[in-house]
Structure formats: structure tokens, C-alpha cells
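Trainee: Have a look at this one.
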Ligand SMILES: Cc1cc2nc3c(=O)[nH]c(=O)nc-3n(C[C@H](O)[C@H](O)[C@H](O)COP(=O)(O)O)c2cc1C
């Protein structure tokens, strides 16, 4: 039997990312867990508007979204607990400028360069609507067809008990599992 646990947002785990933007000529980085999909080429980030990195995102209208492997967790965690308002975090990651000029974490397995399409302001909490302009991935994480292979690429996830998780195994293919249901004599809607 299920029981109500209140108004809990249970739509987790999400990928945990390091977001980068140029702030006054130097990179700013912070960690973001509240990551969503807006459309095939659109990522949403829910962020506190007063974060230092948000100053750079607002000014430049572009940012990077860097997915993590386990080796990056300590540094990602650091940029998630220390603010650029107090400490210069520009040297935490080796970085390169992407084709749009955003700072990309060199050690990140996958990085997306994004433009800022819009900001939805919800009482000091910003929903950043980010359009993916260019994506970089380590070659060994790609299928022979050049797609990201999530059996090899294991992005670190976040769960709201404030822990980092690993991704798991592939269960089966989407839009094919229904055949098992149909085979049991039931109809697909
Ligand atoms: C695990 C973790 C997840 C976080 N997720 C978010 C998030 O989704 N949105 C957000 O605005 N801040 C999030 N933070 C907090 C910011 O990363 C943190 O306040 C950071 O120091 C802001 O840096 P800045 O002021 O230099 O931009 C998270 C922190 C941690 C440790």
C-alpha cells in the first residue's frame, strides 16, 4: 500500500552539472542539481539569482553545462559550497573556451555550450532556459555512429537526500517494452 508523503517533488535523480560562465574576464563555476529538459535542444536550470555565476550568465547570455564523472566530484562539490562572491574559483578547473566563448571544463567527459534563451523569474529563483549550441564529448564515450553511449558514459546523478549516485544498467529498449505487454494479451492504448 502507498501512503501520501506530502508535496514532495519526487522527479529525481537528475544529472549533477557544473555550470560555467565568464564573469569579468574570468570563468565562474557553480554546481547545479536542478536540471531539466525543455525540448530536444533545450535544457532548464533552476538557480538562485544571487549566485555570482548568474551575474556572468545574465551579462553574457551564454553558459556551459558540464556533466561529471566520479573523478570530478570533489571539485564540483567545492564550487557548489563556496561562492565566487567570497573566493576566486576561476582556477578550480583547467578550462578552454568553446566555439561560443563559454568556459568549458577540460576534464568533464561531456560539455554543452548554451545560449540563454530566457529567464523565468519565480521570486528570486531563476529558471534559465538554455539552448544547446554545441556539445563536446570524449571520443571513447561515443557509439560508432557518433552518439553518446550511456552504457559507457556514466554521468553522476544527484538525489535530494543530498548524495551523488551512479547510473545503473540498461533494462531494455524504449518503445519496444510494450510488446511484452501486448504479448500478454492486453492492448496498447
Ligand atoms: C550538490 C549541490 C547541488 C546544488 N544545486 C544547485 C542548484 O540546482 N541550483 C542552485 O542555484 N544552486 C545549487 N547549488 C548551490 C550552488 O552551487 C552554490 O551556492 C555555489 O556556491 C554558488 O556559487 P557562485 O555564487 O560562485 O555562483 C548546489 C550545491 C550543491 C553542493
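Just so you know, all these numbers are worked out from the coordinates, no wet-lab data involved. As the structure is a prediction and not an experimental result, all values here were calculated from the model. Ideal geometry is used to build each Cβ from the backbone, glycine not excepted, and the neighbour counts take in all protein chains shown.
Trainee: Classify segment 37-102: rounded, prolate or oblate, from the alpha-carbon gyration tensor (a ≥ b ≥ c, eigenvalue square roots; a/c under 1.5 rounded; otherwise prolate if a/b is larger than b/c)?
Mentor: rounded
Trainee: Which shape class, rounded, prolate or oblate, goes with segment 68-189 when its Cα gyration tensor gives a ≥ b ≥ c as root eigenvalues, a/c under 1.5 marks rounded, and past that a/b bigger than b/c marks prolate?
Mentor: prolate
Trainee: Per-residue counts of other Cβ atoms within 10 Å, averaged by peptide: what ranking do you get for 145-157, 172-184, highest first? Present the calculation step by step, with values, prior to reporting the outcome.
Mentor: On the way: 145-157: 13.9, 172-184: 9.0.
The packing order, highest mean first, is 145-157, 172-184.
Trainee: So if we plug the beta-carbon distance of residue 148 and residue 123 into 1/(1 + (r/R0)^6) with R0 = 41 Å, what FRET efficiency do we get, rounded to 0.05? Numbers along the way, then the final one.
Mentor: Working: r = 35 Å, r/R0 = 0.86.
FRET efficiency, residue 148 to residue 123: 0.70.
Trainee: Please give the FRET efficiency for residue 7 paired with residue 48, using the beta carbon to beta carbon distance and R0 = 22 Å, rounded to the nearest 0.05.
Mentor: 0.60
Trainee: With a ≥ b ≥ c the root eigenvalues of the C-alpha gyration tensor of segment 1-159, is it rounded (a/c under 1.5), prolate (a/b larger than b/c) or oblate?
Mentor: It is rounded, given that a/c, with a ≥ b ≥ c, falls under 1.5.
Trainee: Among 90, 64, rank each residue by its count of other Cβ atoms within 10 Å, from fewest to most, as a rough exposure measure.
Mentor: Fewest to most other Cβ atoms nearby, the residues stand as 90, 64.
Trainee: I want to check the label-to-label distance for residue 133 and residue 59. Put each point 7 Å from Cα in the C-beta direction and report it in nm to one decimal.
Mentor: 1.7
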